[in-house]
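Everything on this sheet refers to the single structure shown next.
Coordinate-derived values only; no laboratory data. This one's a predicted model, so the numbers in the text were calculated from it and none came from an experiment. With ideal geometry, Cβ positions are generated from the backbone for all residues, glycine too; neighbour counts draw on all protein chains shown.
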Amino acid sequence: MCDAEFHRFPQYGEALADVLRLDADATAYLIGLAQERPRAVPAPRQRAKTEPVSPSIVELIDGWPNNPAYVQNKYTDVLAVNALCAALTPNYAVGVNLLTSVLLDPAERALRRDWDDLTEDGVGILRSELGSESTTRA
């Protein structure tokens, strides 16, 4: 159902309820699910896209010319990257969110044979890192 048809959900909901043979209470509940509700949780606070990285850390990873290296925060935002790592993909750049890139960029999916495992692990790690900071349920 597209957004333009959302206002007609009661019709769709009633038709769906008929097909599913729902009683009146279940039908009302189904239609109620589509009702817009006031937001129960506060909007997530904005966070800085990048955080400062110690110059010694930048110097350290830049000193590894034969090894790709980067620094990320718990949100998987790239904070620092060396030249070899940046040459692998444009997504290794300061300010880029690696998990978002891996999930949404088809080139990243093609680059990684273990994409399914990588994304499953990445989302799980992000959820565990955020813990109680998360204000929405995924």
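Things worth noting here:
- Computed from phi, the 3J(HN,Hα) profile of segment 113-121 under the Karplus parametrisation 6.51, -1.76, 1.60 (θ = phi - 60°) reads 5, 9, 3, 4, 5, 4, 6, 4, 5 Hz, with x in place of Gly and Pro.
- Amide proton proximity set for A80, modelled H, under 5 Å, gap of 5+: V71
- Each label was represented as a point 7 Å from its Cα along the Cα-to-Cβ direction; for E14 and A107 these points are 5.2 nm apart.
- Rounded to whole Hz, the Karplus (6.51, -1.76, 1.60) HN-Hα couplings of segment 52-65, x for glycine and proline: x, 10, 4, x, 5, 5, 4, 4, 4, 6, 5, x, 10, x
- Estimated FRET transfer efficiency (L130, W64; beta-carbon r; R0 25 Å; 0.05): 0.25
- Applying the Karplus relation 6.51 cos²θ - 1.76 cosθ + 1.60 with θ = phi - 60° to segment 88-95 yields 3J(HN,Hα) values of 5, 7, x, 6, 8, 8, 4, x Hz, where x marks Gly and Pro.
- As a calculated quantity, the FRET efficiency between E51 and L118 at R0 = 22 Å, using C-beta atoms, amounts to about 0.40.
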